[in-house]
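Participant: My questions will all concern the structure given below.
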Amino acid sequence: MAEILTMPTALHGQVTQRLRLLLVEGQIAPGAKLNERQLCEQMKVSRTPLREAIKTLAAEGLVELLPNRGAIAVELGEDDILNTFEVMAGLEGLSGELAAQRITPEELAEIEALHYEMKAAYTRRDLSAYYRLNAAIHRAFNAAARNPVLTATYQQVNARLQALRFRSNQDGEKWARAMQEHDRMIEALQKRDGAALRTELVAHLGHKRDVVVEQMRTAQAVNAKN
């Protein structure tokens, strides 16, 4: 059996990140109960760091704590999805507009590098790597806006949508469109065109929302037939 890690702070961060990935990538399905014993065995950790990780992810909005019944992966209803994407589109658009005004050459170079890496992941059809780089780019837009209140709000709202945004790229045609949208975002940022970048980001989130709602309705229709 692998040795159980013992460094509390580092271990908590590692367990949180691994559990977050399981939730975002759908390896723990929305609405599913988190099986502590199984997760402890899978991660080779004790229950204490796992429970701390669950609390952290509950604060992020990825997990729902149930009194005396453990925790489940959050499952958003259609109204929740529509409302959250509406807010997120506004936050993304404002982040892009401010970033175009305030970004440094070093920050722009870093975003460009992330974009090229993401294109390579897209070419390999490596969805996990693509999503990780995609999320890093959107965070970088937000960071370049240099507004701490905007960043805190962005992080809180974005946590609710991570798993849905990951699944929205699993259709080939829609994934290609998302990649093209990112190309246009980078072009707008390079031109310091805040209005254009805002427009691209808001449209991008709108397309994500539509895909997610379509996926949800399809799944509901299938379940109804069964």
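The values are calculated or read from the model by the stated rules, or taken from the named source; none is laboratory data. Model, not experiment: these values are computed from the prediction. Reconstructed Cβ throughout: ideal geometry from the backbone, glycine too, with neighbour counts over all protein chains shown. The area values use the complete protein model at the heavy-atom level, side chains included, leaving out ligands, DNA and RNA. Shrake-Rupley method; radii C 1.70, N 1.55, O 1.52, S 1.80 Å.
Participant: Polar (S, T, N, Q), at pLDDT below 90, open to solvent by less than 60 Å² (accessible area, probe 1.4 Å) and out of contact with any strand residue (DSSP E or B) (no Cβ under 8 Å at 6 or more places or on another chain) - does that describe any residue in the range 211-222?
Facilitator: The answer is no, given that none of the residues of the range 211-222 is polar (S, T, N, Q), at pLDDT below 90, open to solvent by less than 60 Å² (accessible area, probe 1.4 Å) and out of contact with any strand residue (DSSP E or B) (no Cβ under 8 Å at 6 or more places or on another chain).
Participant: Here is a further query. Spot the failing condition for N147; the list is (1) open to solvent by 10 Å² or more (accessible area, probe 1.4 Å); (2) touching a residue at least 60 places away in the same chain (Cβ under 8 Å); (3) polar (S, T, N, Q), and only one is missed.
Facilitator: All conditions pass for N147, except number (2).
Participant: Every residue in the range 117-127 that is open to solvent by 10 Å² or more (accessible area, probe 1.4 Å), part of a helix (DSSP H, G or I) and either within 20 Å of A163 (Cα to Cα) or at pLDDT below 95 (or both), please. So that I can check it myself, show each step before the final result.
Facilitator: If we filter the range 117-127 for residues that are open to solvent by 10 Å² or more (accessible area, probe 1.4 Å), which is where we start, we get 117, 119-120, 122-127.
Adding the requirement that they be part of a helix (DSSP H, G or I) leaves 117, 119-120, 122-124, 127.
Y122, L127, listed by residue number.
Participant: How many residues does the range 36-59 contain that are open to solvent by 50 Å² or more (accessible area, probe 1.4 Å) and closer than 26 Å to V157 by Cα?
Facilitator: 4
Participant: Sort out which residues of the range 128-150 are of a type in the set (S, T, N, Q) and more than 18 Å from L164 (Cα to Cα), and write them in order of number. Full working, then the answer.
Facilitator: Step one: of the range 128-150, the residues of a type in the set (S, T, N, Q) are 128, 134, 142, 147.
If the condition is that a residue be of a type in the set (S, T, N, Q) and more than 18 Å from L164 (Cα to Cα), then N142, N147 are the ones that fit.
Participant: Out of (1) over 24 Å from E86 (Cβ atoms); (2) at pLDDT 95 or above; (3) touching a helix residue (DSSP H, G or I) at 6+ places or on another chain (Cβ under 6 Å); (4) of a type in the set (A, V, I, L, M, F, W, C), the odd one out for M185 is which?
Facilitator: Against the list (1) over 24 Å from E86 (Cβ atoms); (2) at pLDDT 95 or above; (3) touching a helix residue (DSSP H, G or I) at 6+ places or on another chain (Cβ under 6 Å); (4) of a type in the set (A, V, I, L, M, F, W, C), M185 comes up short only on (1).
Participant: Does G206 qualify as being open to solvent by less than 60 Å² (accessible area, probe 1.4 Å) and free of Cβ contacts under 8 Å to residues at least 40 places away in the same chain?
Facilitator: Details: open to solvent by less than 60 Å² (accessible area, probe 1.4 Å): yes; free of Cβ contacts under 8 Å to residues at least 40 places away in the same chain: no.
No, not satisfied.
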